[in-house]
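J.: Starting off with a structure, shown below.
Every number in this text was worked out from the coordinates using simple rules, so none of it is lab data. These numbers come from a predicted model, not from an experiment. Cβ placement follows ideal geometry from the backbone for every residue including glycine, while neighbour counts extend to all protein chains displayed.
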Amino acid sequence: MSDQAVFRTFIPEALEDRLQAGIRWAQAQGAEGAEVYMSVSRSRRAKVQNGALEDLTTSKRGGLGVRVLRGGASGVRTGIATTTDLTREDFKYLFTQAWELSALGDPDPWVRQAEPSGVDDLPERHDPRGAALTPEDRINRALAVEASARAASDKVVAVRDASWADGEGATLLLTQKGVRALDLGSSCSASIELALEEAGDRQASWHWDMGRHPGALDLAAIGREAVAKGLRKLNPAQIEAGRYNVVLHPEVAVDILGIVAGMLSAEAVLKQRSLFTGKLGERIASPLLTLVDDGRLPAGLGSEPWDGEGLPTRRNVLIQNGILGTYLHTLKTAAEMGVPPTGTAGRGTGSNPGVTCFNLFPEQGDKTPDQLYALAGEGVLITELMGLHTIDPVSGDLSVGASGIRIRGGALAESVDKMTFAGNLRDFLTGIVALGDDLHWYGSSAGLSVLLADMSLGGA
């Protein structure tokens, strides 16, 4: 089946025609603009626990939202209405609701809409192999993840959840300007959560991976890595409070870089709610750090041809050699700041566009993890941070729980936990002294090992 045919199993042509008719009807009522955003997906999941099937599910979800723009002398008022009923013969009632709500909103002089532009020249994002799996296939894949974990160590005492999931979905944005931005994609994922025990100490661990199709996942490696993480955590010691050279594991770095990217939202900057307000063009990080968001990365799991407003996606260098290069914009914030848009709008069915990242990654360094440990000398490898959501987005202050592995003489030693990683996000950005060559993707974001100099760690 062609991608076009698959797309039509999610959003039939007749449904699209009814939505276009709704847009025309809204214009006839006096709307300056009218938009429809629709998302429909199908997913399947098998979950096993300790060798037995726990859950086998299949689901289909869908919904659409319409946004109506009411013009005025002082700006545009917007109204949004949503539904999950895609079987209606017409959607005039939904546009009526949005039109009535638009009269109640505050006028905004910066609301903008995209003109039709761009083409879908990306590699196909949909692969049929996941949907072709049978229920037995999915169960066996979940069981295979669990089996690989149990084979990796006799210290595994329980598997709380080993899962396989696959799905596909379609989105469509239509506007009165002629924008027709569609996307069709698929994904598969596998995960495991388990417990290990040694000498009375019990530790939980988990791991996951995802890809476009079943062949992209190494099920045995997922199980082994979950066990390896757990073994590193057993029988932890505590460190004395002090200042240490710190290596961040790629899983930790990817989370912190995601928080940094979130603070680069132009909306947050305009509201004075970002650490990086007024820092455009200034050095905010080590010259070693270049951070990129690329919506058109050929193999990227987050790649899409258009953003949530219908602009072609693009490669944006957020931080280049430590210099803040751009904020992330919607059309609205770009107009308010008087800069070109960045093609980074995301969208849900029930909200105005907001910024998003598509494929976020740092440029790779040139040091192996072992070389970073050697450079650290006497330090700590941090493998887990708890409470990152508590970072103050305005000041950048942070104080979060941490666990990891002690580095002694430039090599990994004993497990350590109950640490406090405290300071300011600026410390992380400016304290980078080396980057690893171990770039690893976690879905649509990537991380790598990062060596930070002279960081404060709280301990016993």
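J.: Under 37 °C and 0.692 mPa s, how fast does segment 248-359 diffuse according to Stokes-Einstein, given a Kirkwood radius computed over C-alpha pairs? Answer in µm²/s, whole number.
T.: Numbers: Rh = 14.4 Å.
It diffuses with D of about 229 µm²/s by this estimate.
J.: Now for a separate question. Dividing the convex hull volume of the alpha carbon atoms of segment 236-460 by its residue count, what do you get in Å³ per residue? Numbers along the way, then the final one.
T.: Details: hull volume 26.2 nm³, N = 225.
Here the figure is 116 Å³ per residue.
J.: Here is a further query. Per DSSP H run of n ≥ 4, the term is -39500 (n - 2.57); total these for the chain, divide by its residue number, and report the mean residue ellipticity at 222 nm rounded to 500 deg cm²/dmol.
T.: -7000 deg cm²/dmol
J.: What number does segment 366-455 give for Rg over Rh if you use C-alpha atoms and the Kirkwood radius? List each step's numbers first, then the result.
T.: Values: Rg = 13.4 Å, Rh = 13.9 Å.
My calculation of the ratio gives 0.96.
J.: Using the alpha-carbon atoms, what tilt in degrees (0 to 90, nearest 10) does helix 135-152 show relative to the longest principal axis of the chain?
T.: Computed tilt is about 20 degrees.
J.: Now for a different question. Going by how many other Cβ atoms sit within 10 Å of their own, how do I256, I23 line up, fewest first?
T.: On the way: I256 19, I23 22.
Ordered from fewest to most neighbouring Cβ atoms within 10 Å, I256, I23 come out as I256, I23.
J.: On to the next question. Pairs of alpha-carbon atoms within less than 8 angstrom and 6+ residues apart define the contacts here; what relative contact order does segment 3-223 have, in percent? Mind showing how you got there, number by number?
T.: Details: 482 pairs, mean separation 48.0, N = 221.
22 percent.
J.: Neighbouring Cβ atoms within 10 Å as the yardstick, rank W99, W306 fewest first. Intermediate results must be reported in sequence, preceding the final value.
T.: On the way: W99 22, W306 25.
Fewest-to-most Cβ neighbours within 10 Å comes out as W99, W306.
J.: Quick check for you: which residues of segment 64-83 have the amide N under 17 Å from the point 7 Å beyond the Cα of A335 toward its beta carbon?
T.: It comes to 67-80, nothing else.
J.: Something else now. Taking N as the number of residues in segment 3-223, what is its alpha-carbon radius of gyration divided by 2.2 N^0.38 Å? Show your work: numbers first, answer last.
T.: Values: Rg = 23.4 Å, N = 221, 2.2 N^0.38 = 17.1 Å.
Normalised by 2.2 N^0.38 Å, the Cα Rg of segment 3-223 equals 1.37.
J.: Quick one: dipole size for segment 3-223, taken about the Cα centre, charges +1 on Lys/Arg Cβ and -1 on Asp/Glu Cβ, in debye to the nearest 20. Spell out each step's value before the answer.
T.: On the way: 26 positive and 33 negative charges, 107 e Å.
Approximately 520 debye in magnitude.
J.: Mind giving me the FRET efficiency for Q20 and S43? R0 is 22 Å, r the Cβ-Cβ distance, nearest 0.05 is fine. Don't jump to the answer; show the numbers that get you there.
T.: On the way: r = 28 Å, r/R0 = 1.28.
That pair, Q20 with S43, gives E of 0.20.
J.: Next question, about the same structure. Mind putting a number on the dipole of the chain about its Cα centre? Charges go on the C-beta only, +1 for Lys and Arg and -1 for Asp and Glu, and I need it in Debye to the nearest 20. All intermediate terms of the calculation are to be shown ahead of the outcome.
T.: Values: 45 positive and 58 negative charges, 130 e Å.
Dipole magnitude for the chain comes out near 620 debye.
J.: Continuing with this model, one more query. On average, how much area does the Cα convex hull of segment 1-118 cover when viewed from any direction, in nm²?
T.: So the Cα hull casts an average projection of 11.3 nm².
J.: If you don't mind, another one. Viscosity 1.002 mPa s, temperature 20 °C: what is the translational diffusion coefficient of the chain from Stokes-Einstein with a Kirkwood Rh over Cα pairs, rounded to a whole number of µm²/s? Write out the running numbers ahead of the final one.
T.: Numbers: Rh = 24.3 Å.
In µm²/s, the coefficient is 88.
J.: Once label points are set 7 Å from the Cα along Cα→Cβ at both Q4 and A204, what is their separation, rounded to one decimal in nm?
T.: About 4.9 nm separates the two model spin labels.
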